[in-house]
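Asker: Sharing a structure here in structure tokens format.
The values are calculated or read from the model by the stated rules, or taken from the named source; none is laboratory data. Note that the structure is a prediction, hence the values are computed from the model and not measured. In this analysis, Cβ positions are derived from the backbone assuming ideal geometry, glycine residues included, and neighbour counts consider all displayed protein chains.
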Amino acid sequence: MLVSLVVQSRWDTKNIQHTIDCYLQQTHKDRELIFVIDQPFDKDSYQLRLNEITNNDLRMIDREHITIFSNLNAEFLHKNVSSMRNLWIQKAKGQYINLMDDDEDFPKDYLEKSLHYQEKYKNQMGKDVIITPTLMYRHSGHIQNQWFGYFNYWLSRPIPMILWHHLDCVIEMYSGNSLFAPAHIFKKHRMDEGFDFVYEDLDYSHTLYQAGYPIIVLRDLKIYHMEKDKTKLDHAWIGNIYQAHRKAKHRILFVKKHAKRRQKLQFYSVGFLGQPLWLIAKVFLLAPRKDILPLLKAIRRGTCDGIKK
């Protein structure tokens, strides 16, 4: 059973090399690996880094099953990660596709177990399902996230969930670390290219859920998030100027697209103003003085862009 791993990457050589190592160690051998690089770079830099990645004989043995697709492809030079993912989802050859980020450490039986759970829950529920793992914070033994149960329109944010004593749970959306499903689901339902980095995964997974595909998070299927250290602003859901703008914009686009009339009333009566005011307060509390004004402008600009979109 051919499985295609479609991995979003910001062109971090170390992350890419580690992903290749995890891929080559998989017990399930019928697979291909596709990197979608959405980080801008020039041709010389691209070739240099590509040489760094493929100079190992072990990796070269499997090179015919590894593709690195970048925004250097002319027709996608000014496209975002959603459009680039859409292209390679359509080109993927596998009967199953696993969407993943490049800063994950996944055990050698990850694909094998994912296929097992796919078959188990499809038989149990009588329909195709989407599988996602428990996200562990590095190898600390601590759970970072078990995804999002639902979107709270009063608070204007997705609500994280915990399985507690349950082995599994059906959720409404996930954010960016692994999504495993029959390929025809991803090929039929394209990512919305109006959503750039930040919120694109929430929007896409919620779209799949609304289309009738159960998204199942599993306690016994784990992936390890080897993310870089976060700043206080990252932990506060603000991030840098780029992220602050995208979050402010895309939360409004998410509501416009997915909310029902009652939920829109909740959002525009409370969440629309409540969340940016809370973000602004955290900017004043946590941001370095030099970054306060640019972050405030980014939040205001993102909110205005979301309204006008």
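Asker: Among the residues of segment 221-271, write down those that are among the hydroxyl-bearing types (Ser, Thr, Tyr) and either assigned to a helix (DSSP H, G or I) or closer than 18 Å to residue 158 by Cβ (or both). Step through it out loud before you land on a result.
Answerer: Kept after step one, since they are among the hydroxyl-bearing types (Ser, Thr, Tyr), are these residues of segment 221-271: 224, 231, 242, 268-269.
Across segment 221-271, the qualifying residues are 242, 268, 269.
Asker: Determine which member of the set 278, 237 is on the phi > 0 side of the Ramachandran plot and out of contact with any Ser or Thr (no Cβ under 7 Å at 6 or more places or on another chain).
Answerer: Every option except 237 fails the conditions.
Asker: Out of the residues in segment 199-256 that are touching an Asp or Glu at 6+ places or on another chain (Cβ under 7 Å) and within 18 Å of residue 295 (Cα to Cα), state the one that is modelled with the lowest pLDDT.
Answerer: Ranking the candidates gives 246 first.
Asker: Return the residues of segment 110-157 that are crowded, with 16+ Cβ neighbours inside 10 Å, at pLDDT below 95 and in a loop (DSSP other than H, G, I, E, B); say none if nothing qualifies.
Answerer: Once the filter is applied, which keeps residues that are crowded, with 16+ Cβ neighbours inside 10 Å, at pLDDT below 95 and in a loop (DSSP other than H, G, I, E, B), segment 110-157 yields 146, 147, 156.
Asker: If you don't mind, another one. Tell me, yes or no, whether segment 273-285 has at least one residue that is surrounded by fewer than 16 Cβ atoms within 10 Å (Cβ to Cβ), assigned to a helix (DSSP H, G or I) and of a type in the set (D, E, K, R).
Answerer: Taking every residue of segment 273-285 in turn, none turns out to be surrounded by fewer than 16 Cβ atoms within 10 Å (Cβ to Cβ), assigned to a helix (DSSP H, G or I) and of a type in the set (D, E, K, R).
Asker: Is there a residue being assigned to a loop (DSSP other than H, G, I, E, B), under 19 Å from residue 171 (Cβ atoms) and in contact (Cβ under 8 Å) with a residue 40 or more places away in the chain anywhere in segment 95-109?
Answerer: For segment 95-109, residues assigned to a loop (DSSP other than H, G, I, E, B), under 19 Å from residue 171 (Cβ atoms) and in contact (Cβ under 8 Å) with a residue 40 or more places away in the chain: absent.
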